[in-house]
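Here is the structure we will look at, set down as structure tokens.
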């Protein structure tokens, strides 16, 4: 009887622990450069799919998936949360501007060693 009670109490704890591990998110850096369909004769707002791209990033920010965004030289960069690299790539590639080659993207695992330095 005591074994049955122990198992009854232990199983929910194990299941809860497994659910937490499955939901753990990692950080990934996404690097954006202009793609083959970027028209150098037009401003960003005149590019096809640029407004859709901006709306896509805004939704990710509102959903707290993006943790940081910046530009350097001719490269845009975001840091986002995802369960794994494949999920991060799938998310980024769901952007219509990426699908139509307005932007090229690279997605890499991101492991900060100085947390909380950017404000």
Item to check | Sequence ranges 81-90, 107-116, 27-36, ranked by mean other-Cβ count within 10 angstrom, highest first | outcome: 27-36, 81-90, 107-116
Checklist entry - What is the order of 78, 65, 96, fewest Cβ neighbours within 10 Å to most? => result 96, 65, 78
Checklist entry - Kirkwood Rh, Cα Rg: Rg to Rh for the range 24-109? => result 0.96
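Bear in mind that the values in this text are calculations on the coordinates, not laboratory data. If you're wondering where the values come from, they're calculated on a predicted model, not measured in any experiment. Neighbour counts are summed over all protein chains in view; Cβ atoms, including those assigned to glycine, are modelled from backbone coordinates with ideal geometry.
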